[in-house]
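Chemist: First, the structure itself, so that you have it in front of you.
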Amino acid sequence: MKAPLDAPRSLLGEALAWCSGIAYVLLLYIVVLSTGRELTGMRLLPAALLAVLLLPLALRRPLPALALLSTVSFAATVRAESAMAAGQRVMGIVPLVQTQAWQIASLQAVLTDLTVGWIAATRSRRTAIVAALVALGVQIGGAGYYREGSSSFLTALVFLTLMMVTAWTVGRSVRERHQHTADLRARAAEQAVVAERLRIARELHDMVAHSIGVIAIQAGVGRRVIGTQPSEARNALAAIEDTSRDTLAGLRRMLGALRQTVPGDGAPLDPAPGLAELDVLVERAQDAGVRVDIEWRGERRSLPTDIELSAYRIMQEAITNVVRHSGAPACRVAIDCREGDLSIEITDEGRGLSGLPGAAGYGLTGMRERAALLHGEFTAGPRPEGGFRVAARLPLPVAVT
């Protein structure tokens, strides 16, 4: 959906593009007919430079631009030939070779072929073929005005056809390569999502296994001391209650969104990291030459394991991107745990990730997936004042708030 200010800007750009195309037609008419000499050599340069005026319309509306260009090319060729022939007859010279018409026609043929190539690169195959055939027909029709004799006309026909086929082929090759690249990126993004979900599933397995282990130990303790030490038994039951509630809350939020994992794939043995391990991230970034300033806002308290894990991974990936891609000497991490949400923001003043779309896309995909699995929000992009910003909001369970 376009922003409210985008529609007027789009209409203004459209109007300027059409005005520029109309100006091209008028000025070309003036250049072709205003001179009393042949448009050869350097005198053909103004007509070539006028093609810049047609560029905005060709980029926005290539099909109308091609129609306008074909029409004005044919008209310019005919008028140039007529003006040249009339001038030569007045001087008593028989116009055996229409030099001016040939020069104008060649220039317009090049511009037409470039436009057809752009259409082939940005439109469907059927549209591109029709546009190429129509443009070639107009060029061949104009060739009859500046080429006399069967051999001369046949040479012009072959030359124009080869130029048109070359332009169309190059345009289609560019389109197919662009489409292939887009397909590869989409497939890589899908694979990144699957890989990230599998990694989250393994981490969730660690959390559940740890929680079940704690519950089993506490249950065993409570069973042994329930007859002799009731207070210890109550403490064990309280620990079992707290651990099971945290685990069930995490399962409800995450398991429904995870895909089926690959059986036999080994899971990491280390415990799931949390916000308490941020000092490790800071030290690693410092060793890599990037200073990390952490600002805590609100009350610093214990949070559910799955939320701390996702927050830790998002900050880890964002800081890693700063170290690897931004070129910034420092970054700032703000953590706010207020009003029922855990908000994190990582900002830097580097060059961002614009030069590495592939590397940036996979990391951002993983961070966005983690936030989505917890029903949170995630944003990332360049800052208006320079640098890059990553922000995530993870809602907290009611029991925590």
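Chemist: Output the residue which, of all residues in segment 33-49 that are at pLDDT 65 or above and touching a helix residue (DSSP H, G or I) at 6+ places or on another chain (Cβ under 9 Å), is farthest from PRO62 (Cα to Cα). Give the steps one after another, and end with the answer.
Modeler: Kept after step one, since they are at pLDDT 65 or above, are these residues of segment 33-49: 44-49.
Checking the rest, the ones that are also touching a helix residue (DSSP H, G or I) at 6+ places or on another chain (Cβ under 9 Å) come to 44, 46-48.
Details: LEU44: 25, PRO46: 23, ALA47: 20, ALA48: 19 Å.
Taking the candidates together, the pick is LEU44.
Chemist: Right, next: Is it true that some residue in segment 270-288 is in contact with a strand residue (DSSP E or B) (Cβ under 8 Å, 6 or more places away or on another chain) and surrounded by fewer than 16 Cβ atoms within 10 Å (Cβ to Cβ)?
Modeler: Our first condition is that a residue be in contact with a strand residue (DSSP E or B) (Cβ under 8 Å, 6 or more places away or on another chain); within segment 270-288, this holds for 275, 278, 281-282, 285-286.
Within this subset, residues satisfying the condition of being surrounded by fewer than 16 Cβ atoms within 10 Å (Cβ to Cβ) are 286.
Checked segment 270-288: at least one residue is in contact with a strand residue (DSSP E or B) (Cβ under 8 Å, 6 or more places away or on another chain) and surrounded by fewer than 16 Cβ atoms within 10 Å (Cβ to Cβ).
Chemist: Please go through segment 158-183 and give me each residue that is under 13 Å from ALA135 (Cα atoms) and buried (at least 16 other Cβ atoms within 10 Å of the Cβ), ordered by number.
Modeler: Matches in segment 158-183: LEU160, MET163, MET164, ALA167, TRP168.
Chemist: Being β-branched (Val, Ile, Thr) and modelled with pLDDT under 80: is that true of VAL52 here? Give the steps one after another, and end with the answer.
Modeler: Working: β-branched (Val, Ile, Thr): yes; modelled with pLDDT under 80: no.
The answer is no for VAL52.
Chemist: Here's something else I'd like to know. Please work out if GLU377 is modelled with pLDDT of 75 or more and under 22 Å from ARG199 (Cβ atoms).
Modeler: Criteria met by GLU377.
Chemist: So which of THR243, THR247, THR166 is closer than 30 Å to ALA121 by Cα, modelled with pLDDT of 70 or more and either in the same structural domain as ASP306 (by TED's automatic domain parsing) or assigned to a helix (DSSP H, G or I) (or both)? Reasoning before the result, please.
Modeler: Numbers: THR243 fails: closer than 30 Å to ALA121 by Cα; THR247 fails: closer than 30 Å to ALA121 by Cα.
Selected residue: THR166, the only one of THR243, THR247, THR166 that is closer than 30 Å to ALA121 by Cα, modelled with pLDDT of 70 or more and either in the same structural domain as ASP306 (by TED's automatic domain parsing) or assigned to a helix (DSSP H, G or I) (or both).
Chemist: I would also like to ask the following. Would you mind telling me which numbered condition in (1) over 30 Å from THR122 (Cα atoms); (2) at pLDDT 80 or above; (3) small (Gly, Ala, Ser); (4) surrounded by fewer than 16 Cβ atoms within 10 Å (Cβ to Cβ) GLY222 fails?
Modeler: With (1) over 30 Å from THR122 (Cα atoms); (2) at pLDDT 80 or above; (3) small (Gly, Ala, Ser); (4) surrounded by fewer than 16 Cβ atoms within 10 Å (Cβ to Cβ) applied to GLY222, the lone miss is (4).
The values are calculated or read from the model by the stated rules, or taken from the named source; none is laboratory data. Note that this is a predicted model, so its numbers are computed, not measured. Ideal geometry is used to build each Cβ from the backbone, glycine not excepted, and the neighbour counts take in all protein chains shown.
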